[in-house]
Structure formats: C-alpha cells, structure tokens
Protein chains: 2
Amino acid sequence: MTSSFPASSTSMRSERDTYVGKGFVHVKNPYLDSMDEDVLYHLDLGTKTHNLPEMFGDVKFVCVGGSPNRMKAFALFMHKELRLEDSEEDVKDICAGTDRYCMYKIGPVLSISHGMGIPSISIMLHELIKLLYHARCCDVTIIRIGTSGGIGIAPGSVVITDRAVDSFFKPQFEQVILDNVVTRSTELDKELAEELFNCSKEIPDFPTLIGHTMCTYDFYEGQGRLDGALCSFSREKGLDYLKRAYNAGIRNIEMESTVFAAMCRLCGLKEKSP
Amino acid sequence: MTSSFPASSTSMRSERDTYVGKGFVHVKNPYLDSMDEDVLYHLDLGTKTHNLPEMFGDVKFVCVGGSPNRMKAFALFMHKELRLEDSEEDVKDICAGTDRYCMYKIGPVLSISHGMGIPSISIMLHELIKLLYHARCCDVTIIRIGTSGGIGIAPGSVVITDRAVDSFFKPQFEQVILDNVVTRSTELDKELAEELFNCSKEIPDFPTLIGHTMCTYDFYEGQGRLDGALCSFSREKGLDYLKRAYNAGIRNIEMESTVFAAMCRLCGLKEKSP
C-alpha cells in the first residue's frame, strides 16, 4: 500500500457569464441562475441560509480526501503551517449539521472529506463547485489527497497523478446522464503535477513519482484482491492484470480519480502545460 | 422525497463447506479459508484480533443505511423496542477505530452505516459477509433502510423494493472484475417484501407500497435533477425519463440497491417464494 496524491489544478473559468477570463469557478447548468434558492443538501449549506461569498470568497486551494478524520488532521496541519492568528479550536466542521461530509476552512484552504467511491465524491463535487461558484471564487486549485494501492512501487510512495484511467486503462470517465452514457476526458493539469513533484524534492522521507492512476468501482473484485467475500479469478489472472496495468503506466489504484478529473476539467480546468 | 425501504432477506447457505443446508452465511472465495488472518480493513476488525463467533455468532438481522447518525438512532430505537437489559450507554460503535463505517449490535440485530453509492456499500458488504461467515452466523436477514427520491408517489411514502433496477430499467448489476464486465441478477426476496408490507398495515402513519427501485451512480445528472453543477438535458427530457421509469414500475430512486441485491443473492439469498 502507498499513499496517493492524485492532483489536479483548476483555475476554473466561466464560459457564459460576466466572469469570463477572470478565472472564476463556473457551473455548466443553464437552470441554476434562475433558481430562487440553491440548497447544497449534503453540505448543509445554501444560498438563502448562508452568505457564501463572505464565508468562502477568499478560497484558493481545496484539498479533498476520503476520511473525515484525516481531513480534520490535514486542516489542523495546515493551521499550524499557515501560522494563522486564530486558535486551533476555531478549526470547526462547517458541515457539522450533516454527517455526509466534513469541511474545514483554514485561511484560503478548504479541507473536505468525500467518502469512498465515485458516486460519493461526485455528490460532494457537484455541491462544492456550486459553492465556489456562488461564492465567486477565482483561480482555485483543487487537489485530491488519498490512500491507494501501489503497483510495482515501494510501499509508502507518493504517486502524483498525471492521468486518471478506468479499469480498462482508458483515460476516460463514463457518466450516465438519464439513460445515456457520455464519455468524459480525465486528463489532469500537467504543470501542477510537475510543480508538486518539484515540491517533493524538498521532502526526502517519501519516495515520490508521477504516474497514471487507475480508478475502480470496487475495492475487491475490481482491484485483483484475493481476500473479498467474492473472488472468481485465479491468483495468476489477478497478477497478470496488475502487470498489464503497470505496463500501461499505472502506478496506483484508488476509487475516485476519474470523476474528480472529469468534473474539474469540465468546470474549467486551466491547462497550464504542455 | 420519500424514505425508501429496499429490502432483501438472506438466509445465506454455504455451497462448499460443512454448513451446507443449515442456512449459514457463506462466501464465494476459494482463497479465504487458507489465509492465516483475515483483516476486515474498513470495519477495524479481524480474525486474529477479535473473537468474531463470540462477538457476532447470534446475529439474525442486519439493517444497513447510508448515514452514521441515522444508524445510531436506529440502534437506539431497536434497543428500546427489544427492551434489552443493558443500558442505552452500552450501545457503542463497534467500528470506532475507523471513520469509514459505524456499527452497533443490539441483541441479534446489527445496525451498520454504508456511506453513499455502490462502491461504498460494496466495500462494507464484502467485509460484513466475511464477518458473518467467520462468526458462523445462520439464517440472517438483511434489510437496507435508506432515504430515496420518490417517483409519482406521496412524499413520505415507504417503498418496499421487490426488484432493484439500473439506470436502463434492467434488473441487473454490472460488476467489473479485473477488466471483465460480469452481469449479476438483482432480484430480491419476494416473500420478505410481502412480510414487510403486511407489517406496514399496522403502522397507519406512512403510506407504504411495493415497487421497483432504480439505482444510479450519481445523484444529479443520473436522476434527472436540474440543480447540479452540471446539467446538459432539458426539463422536458428529465421529466420524460422519470415518466418512463414510472411506467416501468419504478417508484423510487437511490444509489445502492443493485449491488446490495446482487451480492446478498450471490452469497445465498434464500428464495422463499416467486
């Protein structure tokens, strides 16, 4: 097992409103602006109940990860690193009214949990993107920090994702919209990956590399594990699959990166390079 | 919105060990019995660290739902209903060592949270089925209690699921195993559905019906909602989809029922009646 560091930079630009060119986070929904109220159900926030621009307008970085405890620990770590004037006790869960996700704000950094799997992170991303849009945030970078299983790399390695791929090693995410399947790209910001890799050189404790990350719908049967309640393939078949994944450039497996890449890209992923 | 009550009875029978015919919970994994230790990672339990038969051997009912707080409230409700001798304070989270899921045991009843979406419940079910198998539980009934969106029914209605269907209205679940797609049946126990429906007649406060339940991978684009960060279909297209779903016998939408039905069935769903 390794820790993973799938990463994407999004400086999201509006396509259709007055914010074009200013790097504002945008949505792709023609119905949203005509709604009287937008309730972000799973975050326990809303446009009528909360002053979102005041609460979140200064956000520049969003870090997301599966576990609520880990994202709280990350928030406390950021609080220490940023040497903010308020006390550690002020780092409070903004979504305390719901047990679906937790969210902490530390200066310009948001730390949010997203649970496990594509559907769980997808609900959070819909509501997070709307939150950043309502708050008129601009030039926002979003990074997923999560645990993952390494393939052919030293345990404890950090993998910076340059491309999220599905179980068939394809850089795409299949989104079911009503009863249609739409294929979306999962390329990530290469310049940010390089930037993060350069940062890693200053931290000698963790072997760090850039590679592709495979995203599966399942932890056991989908990832070649032999210890689930169900296992219908042989040890050899499982190993062969992981070898083919390695040969396709994949260095770790997790369960959220494709939809993360697809949604951030759709809402204005700034392609800094190449 | 309605509350949903997708339900399945599983009196799981072993296929290959000495428990055949006794209604024991079973796994379908030839590698499991030869493992020195089975760690149930996401439940913070294991065969070497815990005496699973002693802790869980008497379990007869498992109730699962998305929200940790709700499953705790359900556990406290069961504690009151069963009039157990121990105090309410003894209803403690067995999985307190992890923040992935929570689990409470109230006499013969387990109450467990599973987060949101197919991948999240799938991890929990793999580890729960192994737990019940290691604990040598027999004649276990499992019921999912969750919130859902109703289609063409009164708000607050309870839908007892007779069949879980996918976004294309098909009673199947597509499981990706390595890079193969395997289709699994999602039929549920019809006798249990009738039993639950008969129970509902004693509770006049909630309109209750039996119907098909649609399971999607996404809360917004997949369910015809117009208030996500992304929405590429018209109001009319969305309504047309929901109408077609209603005509196919679907009465509510949620995000876990197909994999729940498929996995419980595979591990020995007792088909009490057609």
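The values are calculated or read from the model by the stated rules, or taken from the named source; none is laboratory data. All values derive from a computational prediction rather than experimental measurement. Cβ sites come from the backbone with ideal geometry, for glycine too, and all protein chains shown count toward neighbours. With ligands, DNA and RNA removed, areas are computed over all heavy atoms of the protein, side chains included. Shrake-Rupley method; radii C 1.70, N 1.55, O 1.52, S 1.80 Å.
Over chain B, what is the mean sequence separation of C-alpha contacts under 8 Å (at least six apart), divided by residue count, expressed as relative contact order in percent? Working shown, then result.
Working: 585 pairs, mean separation 77.4, N = 274.
Normalised by residue count, the contact order of chain B is 28 percent.
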Q: Would you compute, from DSSP H runs of 4+ residues alone, the mean residue ellipticity of the protein assembly as shown at 222 nm, taking -39500 (n - 2.57) per run and dividing by the full residue count, rounded to the nearest 500?
A: -8000 deg cm²/dmol
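Which shape class applies to chain B: rounded if a/c is under 1.5, otherwise prolate when a/b exceeds b/c and oblate if not, where a ≥ b ≥ c are the square roots of the Cα gyration tensor eigenvalues?
Numbers: a/c = 1.66, a/b = 1.42, b/c = 1.17.
In terms of gyration-tensor shape, prolate.
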Q | Kirkwood Rh in Å, taken over all unlike Cα pairs in the protein assembly as shown | A | 24.2 Å
Q. For region A:160-274, what % of the accessible area comes from carbon and sulfur atoms, probe 1.4 Å?
A. 53 percent
Q. What's the average, rounded to a whole number, of partner chain beta-carbon atoms within 10 Å of each residue's beta-carbon in B:215-226?
A. 6
Q: Report the antiparallel proportion of the DSSP beta bridges in the protein assembly as shown as a percent, rounded to a multiple of 5.
A: 45 percent
Q.
Could you put A:His50, B:His212, A:His26 in order of accessible surface area, largest first, with the 1.4 Å probe and the full protein assembly present?
A. A:His50, B:His212, A:His26
Q: Using a cut-off of 10 Å between beta-carbons, work out the net charge of the residues near B:Thr147 (Lys and Arg +1, Asp and Glu -1, B:Thr147 not included).
A: 0
Q: Would you list, by chain and number, the aspartates and glutamates whose Cα falls below 14 Å from the Cα of B:Lys60, excluding same-chain residues fewer than 8 positions away?
A: B:Asp139
Q: Provide the solvent-accessible area of B:Thr147, counting protein heavy atoms only and rolling a 1.4 Å probe, rounded to the nearest 10 Å².
A: 70 Å²
Q: Over region B:147-274, calculate the relative contact order: mean separation of alpha carbon pairs under 8 Å at least 6 apart, over the residue count, as a percent.
A: 37 percent
(Q) Keeping all protein chains in place and using 1.4 angstrom, which order do A:Lys80, B:Lys243 fall into by accessible surface area, from largest down? (A) A:Lys80, B:Lys243
Q | Net charge contributed by nearby residues that have their C-beta within less than 9 Å of A:His79 (K/R +1, D/E -1) | A | -2
Q. Say a label goes 7 Å from Cα toward Cβ at A:Asp58 in every copy; what distances in nm does this one have to the rest, shortest first?
A. 5.7
Q) In the structure shown, do any of A:Lys130/B:Lys237; A:Lys48/A:Lys92; A:Lys48/B:Lys80; A:Lys130/A:Lys190; A:Lys80/B:Lys130; B:Lys48/B:Lys92 have a Cα-Cα gap over 30 Å, and if so which? A) A:Lys48/B:Lys80; A:Lys80/B:Lys130
Q.
For a quick check of your reading of the filter: which chymotrypsin sites (Phe, Trp or Tyr not before Pro) in region A:126-177 sit in a DSSP loop and have no more than 14 other Cβ atoms within 10 Å?
A. A:Phe168
Q) Put +1 on the Cβ of every Lys and Arg and -1 on every Asp and Glu Cβ in region B:163-274; which of B:Cys267, B:Val165, B:Pro204 then has its Cα farthest towards the positive end of the dipole? A) B:Val165
Q: Please list, or write none, the aspartates and glutamates whose alpha carbon is within less than 20 Å of the alpha carbon of A:Lys201, excluding same-chain residues fewer than 8 places away.
A: A:Glu81, A:Asp162, A:Asp189, A:Glu191
Q. With no solvent and one point on each alpha carbon, what is the Debye value of log10 I(q)/I(0) for region B:100-172 at q = 0.18, 0.20, 0.24, 0.27 Å⁻¹?
A. -0.96, -1.11, -1.32, -1.41
Q.
With a 1.4 Å probe and all protein chains left in place, how much accessible area per residue does region B:127-183 have, in Å²?
A. 33 Å²
(Q) Under the convention of a label 7 Å out along Cα→Cβ, give the distances in nm from A:Ser87 to the same position in every other copy, shortest first. (A) 3.1
Q.
Which one, A:Val176, A:Val165, A:Val62, has the greatest fluctuation when you compute a Gaussian network model over chain A with C-alpha springs under 10 angstrom?
A. A:Val176
(Q) Let me cross-check B:Glu174: its accessible surface, 1.4 Å probe, with only protein heavy atoms counted, in Å² to the nearest 10? (A) 100 Å²
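With +1 on each Lys and Arg Cβ and -1 on each Asp and Glu Cβ, how big is the dipole of the protein assembly as shown about its Cα centre, in debye rounded to the nearest 20?
For the protein assembly as shown, the charge dipole is close to 1060 debye.
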Q. Thinking of region B:142-274 as a set of Cα atoms, what percent of all their pairs are more than 27 Å apart?
A. 23 percent
Q: Just tell me how shielded B:179-185 is by partners: mean number of partner chain Cβ atoms within 10 Å of each residue's Cβ, no decimals.
A: 3
Q. Could you state the principal axis extents of the C-alpha atoms in region A:209-248, from the largest down, to the nearest angstrom?
A. 33, 20, 13
**Q.** Interface area, A with B, accessible, probe 1.4 Å, both sides summed, Å² nearest 100
**A.** 5600 Å²
Q. Which residues, if any, in region A:79-121 have at least 20 Å² less accessible area in the whole protein complex than in the isolated chain, probe 1.4 Å?
A. A:Asp99, A:Arg100, A:Met116, A:Pro119, A:Ser120
Q. Between copies, how close do the A:Val39 label points come, placed 7 Å along Cα→Cβ, listed in nm from shortest?
A. 4.2
Q: Note down the accessible area of B:Arg184, probe 1.4 Å, to the nearest 10 Å².
A: 30 Å²
Q. For region A:151-199, how big is Rg over Rh, using alpha carbon atoms and the Kirkwood form of Rh?
A. 1.11
